[in-house]
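Report on the structure given below.
The values are calculated or read from the model by the stated rules, or taken from the named source; none is laboratory data. On a predicted model such as this, the values are computed, not experimentally measured, just so you know. Note: ideal-geometry Cβ built from the backbone for every residue, glycine included; neighbour counts use all protein chains shown. Just the protein is used for accessible areas: all its heavy atoms, side chains included, with ligands, DNA and RNA removed. Shrake-Rupley method; radii C 1.70, N 1.55, O 1.52, S 1.80 Å.
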Amino acid sequence: MEKIVVNGGNPLRGEVEISGAKNAVVAILPATILAQDICRIENIPNISDVTMMLTILHKMGAGIKTINKSTLEIDTTHINSYVVSHDLTTHLRASYYLIGALLGRYNCARVAMPGGCNFGVRPIDQHIKGFELLGASVSIEENAMVDARAEKLIGSPVYLDVVSVGATINVMLAAVKARGLTVIENAAKEPHIVDLANFLNSMGADVRGAGTDVIKIRGVEQLHGCTYSIIPDQIEAGTYMVAAAATGGEVLIKNIIPKHLESISAKLLECGVDIKEFDDSILVKSNGRPLRCNIKTMPHPGFPTDMQTQMAVLLSLADGTSIISEGVWDNRFRYVDQLVRMGASIKVDGKVAVIQGVEKLKSAPIKADDLRAGAAMLIAGLVAKGATEIENVVYIDRGYEDVVEKLSFLGADISRVEVPTPQVVANIS
Ligand code: EPU
């Protein structure tokens, strides 16, 4: 077990390079199953969600060859199983993409229900609806195995009742080799949906309209291997933007797509932060105490829910009262208790948080309750004077590559510390 210790108070200054997008790579890696061939994937972030997905693919019979730090060759020619058991899926939400990919390749998938971060109920009814409309029978067995099978998948209109990233991706994966045309209506429009569509098209698929709310997929007989580079991580970039702003620093964030950051930049501008966009980088410079603002999280192109926690730290330090309304998840304010322990003044009522800005935060022992809660704890630790110890670092490692190294390079006083595993003391009485 490890914890991160931050001695806060240093403004972040310098340059940081953003890694490949977690939520794109966790869809693209399972999508390689559809190729039955070798795919060379570049710009893969070294995060634990990727390690878990690669472990699953390897256990299923995929060959994985490291080309360099961020490039892998995945050979799915000899995948020999369409079953993925519980021990492999419990820590990874994205393991449910294996259902769509295996169904697309074998017309059959048996995958244990996914794990991942806990923000209340995380149903998969829209994924199942999509598979069924394509002709699959889907059942969830008592041991929480999802069993999906079809004689043949046939393209169909699929209207999603809620805008769901996961359901949009899963239907795309199942439909690329189905016979005929699938039209996903009310599709999610996140950058990683477009990235997956581009990857599938590089393998020979016919996917159009990704990035709009109607995606058309004309099934093809066969796909083939390709070389593909993952887009930069919108949320990692946004996290460094907010960290720069909260610490009163000046950071050039490199290897990004400014268009993907528009909603985040807009809110930071409202908070009085200076933002300068370049072709593939963005300069963030803090201009004194942040101004208050209100935020409502929404599916893309709205403000991303995955940036809600980080903004809560910035607004905790703002001059005035801000309101954050969570529009995607039922329960994404669990981290607030930790910030309150650090002196923040935040009241939560259901899916709304009212934040009364304070002048400073103070260090305290805190923990990451999930990945983005962990990002918020890091920013809070960077801001608070004194030593802040953050537990549950495993959550942060799920989605942030080399986070301690990147922040140190920007001038943060931050390190990882091994926590001794508690010893069982023998009863000697
Ligand atoms: N929903 C349903 N039924 C479904 C699917 C979703 O009701 O069948 C609801 C959910 O309960 C939620 C809303 O629809 O209220 C949106 O859920 P979505 O399916 O879009 O979320 P997801 O695919 O499970 C992905 C990201 C999350 C991110 C959300 C929203 C991945 C692996 N995860 O989750 O990322 O918060 O989209 O943008 O792509 C993170 O990176 O920290 C993270 C949690």
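Among the residues of the stretch 128-174, count how many are under 25 Å from the mean Cα position of the chain (by Cα), farther than 19 Å from residue 215 by Cβ and within 14 Å of the ligand (Cβ to nearest atom).
The qualifying residues number 1.
Give, as residue ranges, the helices (runs of 4 or more DSSP H) completely inside the stretch 182-277 that count at least 1 residues that are touching a His at 6+ places or on another chain (Cβ under 8 Å) and more than 30 Å from residue 288 (Cα to Cα).
Output list reads 191-202.
Please determine, by comparing only the residues of the stretch 290-335 that are basic (Lys, Arg) and in contact (Cβ under 8 Å) with a residue 60 or more places away in the chain, which one is nearest to the ligand (Cβ to nearest atom).
As a first pass, look at the stretch 290-335 and keep what is basic (Lys, Arg): 292, 296, 332, 334.
Within this subset, residues satisfying the condition of being in contact (Cβ under 8 Å) with a residue 60 or more places away in the chain are 292, 332, 334.
Details: 292: 25, 332: 8, 334: 13 Å.
Per the stated criteria, the residue is 332.
Tell me whether the stretch 241-256 contains one or more residues that are touching a Leu at 6+ places or on another chain (Cβ under 6 Å) and open to solvent by 60 Å² or more (accessible area, probe 1.4 Å).
no
Given the conditions (1) part of a helix (DSSP H, G or I); (2) under 27 Å from residue 400 (Cβ atoms); (3) open to solvent by 10 Å² or more (accessible area, probe 1.4 Å), which single one is not true for residue 169?
(3)
Looking for whichever is surrounded by fewer than 19 Cβ atoms within 10 Å (Cβ to Cβ), touching a residue at least 60 places away in the same chain (Cβ under 8 Å), assigned by TED's automatic domain parsing to the domain that holds residue 126 and away from the ligand (no atom under 16 Å from the Cβ) here; the options are 218, 208. Which one fits?
So the residue among 218, 208 that is surrounded by fewer than 19 Cβ atoms within 10 Å (Cβ to Cβ), touching a residue at least 60 places away in the same chain (Cβ under 8 Å), assigned by TED's automatic domain parsing to the domain that holds residue 126 and away from the ligand (no atom under 16 Å from the Cβ) is 218.
Any idea which residue in the stretch 22-40 is farthest from residue 405 (Cα to Cα), counting only those that are open to solvent by 10 Å² or more (accessible area, probe 1.4 Å) and within 16 Å of the ligand (Cβ to nearest atom)?
Here is the first cut: in the stretch 22-40, the ones open to solvent by 10 Å² or more (accessible area, probe 1.4 Å) are 22-23, 36-38, 40.
Applying the additional criterion that residues be within 16 Å of the ligand (Cβ to nearest atom) yields 22-23.
Working: 22: 18, 23: 22 Å.
Filtering the stretch 22-40 for residues that are open to solvent by 10 Å² or more (accessible area, probe 1.4 Å) and within 16 Å of the ligand (Cβ to nearest atom), the one farthest from residue 405 (Cα to Cα) comes out as 23.
From the list 371, 361, exactly one residue is under 19 Å from the mean Cα position of the chain (by Cα) and either of a type in the set (A, V, I, L, M, F, W, C) or within 18 Å of residue 243 (Cα to Cα) (or both). Which is it? Even if it seems obvious, please write down each step before you answer.
Details: 361 fails: under 19 Å from the mean Cα position of the chain (by Cα).
Answer to the selection: 371.
Taking only pairs six or more apart or across chains, which ones have beta-carbon atoms under 9 Å, a first residue in the stretch 336-356 that is without any contact (Cβ under 8 Å) to a residue 24 or more places away in the chain and assigned by TED's automatic domain parsing to the domain that holds residue 380, and a second residue that is of a type in the set (D, E, K, R) and open to solvent by less than 50 Å² (accessible area, probe 1.4 Å)?
337/369; 350/326
Can you tell me which residue within the stretch 113-127, out of those that are near the ligand (Cβ under 7 Å from one of its atoms), open to solvent by less than 60 Å² (accessible area, probe 1.4 Å) and at pLDDT 65 or above, is farthest from residue 351 (Cα to Cα)?
127
Take residue 174 and decide whether it is over 16 Å from residue 103 (Cα atoms) and surrounded by 20 or more Cβ atoms within 10 Å (Cβ to Cβ).
It is false that residue 174 is over 16 Å from residue 103 (Cα atoms) and surrounded by 20 or more Cβ atoms within 10 Å (Cβ to Cβ).
For every residue, the table says whether it meets (1) surrounded by 14 or more Cβ atoms within 10 Å (Cβ to Cβ); (2) at pLDDT 95 or above; (3) of a type in the set (D, E, K, R).
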{"residue": "44", "(1), (2), (3)": "yes, yes, no"}
{"residue": "47", "(1), (2), (3)": "yes, yes, no"}
{"residue": "51", "(1), (2), (3)": "no, yes, no"}
{"residue": "66", "(1), (2), (3)": "no, yes, no"}
{"residue": "72", "(1), (2), (3)": "yes, yes, no"}
{"residue": "81", "(1), (2), (3)": "no, no, no"}
